[in-house]
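S.K.: First the structure, then my questions, so here it is.
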Amino acid sequence: MGTKKYPPELRERAVRLYRESDPNPVLRRLAEQLNLHPAALRNWIRQAEADHGEREDRPTTAMLEESWRLAKENAELRRVNEVLRAASAYFAS
């Protein structure tokens with residue numbers, strides 16, 4: 001995962017505040033109160049909903065992390081494969 005503009009604690013607190021409020025606060029107002037960009041808060045809330053099985057239109061955090069792990073592993077295997085291919089070509093000549 002890339003660099004994060006906001007600390008994880010702020011993300012967790014903001015999502016918890018939104019989810020535990022009844023009725024849910026207006027996103028833009030809550031974002032202003034917490035000094036967040038509204039789009040960031042909206043994305044965090046949507047991700048939390050996916051993680052809690054409340055929406056099907058986006059992958060869960062666990063699924064994303066597994067995908068990133070597999071992509072990293074795949075890149076490493078490709079690199080190793082290139083080294084082995086080069087070594088094989090060298091020793092074959």
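S.K.: So for the chain, taking the charge dipole from beta-carbon charges (+1 Lys/Arg, -1 Asp/Glu), which of L34, Y90, A50 sits furthest toward the positive end?
M.R.: Y90
S.K.: Using the scaling law 2.2 N^0.38 Å as the reference, what is the normalised Cα Rg of the chain? Mind dumping the intermediate values first?
M.R.: On the way: Rg = 21.0 Å, N = 93, 2.2 N^0.38 = 12.3 Å.
Compared with the compact-globule rule of thumb, the chain sits at 1.70.
S.K.: Loop only by DSSP, 14 or fewer other Cβ within 10 Å of the Cβ. Give me the GluC sites (Glu not before Pro) in the stretch 35-77 that pass, ordered by residue number. List each step's numbers first, then the result.
M.R.: Details: sites: E49, E54, E56, E65, E66, E73, E76; in loops: E54, E56.
Of the GluC sites (Glu not before Pro), the ones in loops of the stretch 35-77 whose Cβ has at most 14 other Cβ atoms within 10 Å are E54, E56.
S.K.: Just how large is the dipole of the chain about the Cα centre, in debye to the nearest 20, putting +1 at every Lys and Arg Cβ and -1 at every Asp and Glu Cβ?
M.R.: Details: 17 positive and 15 negative charges, 79 e Å.
Roughly 380 debye for the chain.
S.K.: May I ask you to list, by number, the DSSP H helices of the chain whose Cα span along the axis is at least 15 Å and whose average Kyte-Doolittle hydropathy reaches -0.5 or more? Don't jump to the answer; show the numbers that get you there.
M.R.: On the way: long enough: 8-20 (18 Å, -1.37); 38-51 (20 Å, -0.71); 61-92 (46 Å, -0.31).
Taking the DSSP H segments of the chain (at least 15 Å long, mean hydropathy at least -0.5), we get 61-92.
Where a number appears in this text, it was derived from the coordinates with a stated rule and is not lab data. Keep in mind the model is a prediction, meaning the values are calculated, not measured. Here the Cβ is made from the backbone with ideal geometry for all residues, glycine too, and neighbour counts use every protein chain on show.
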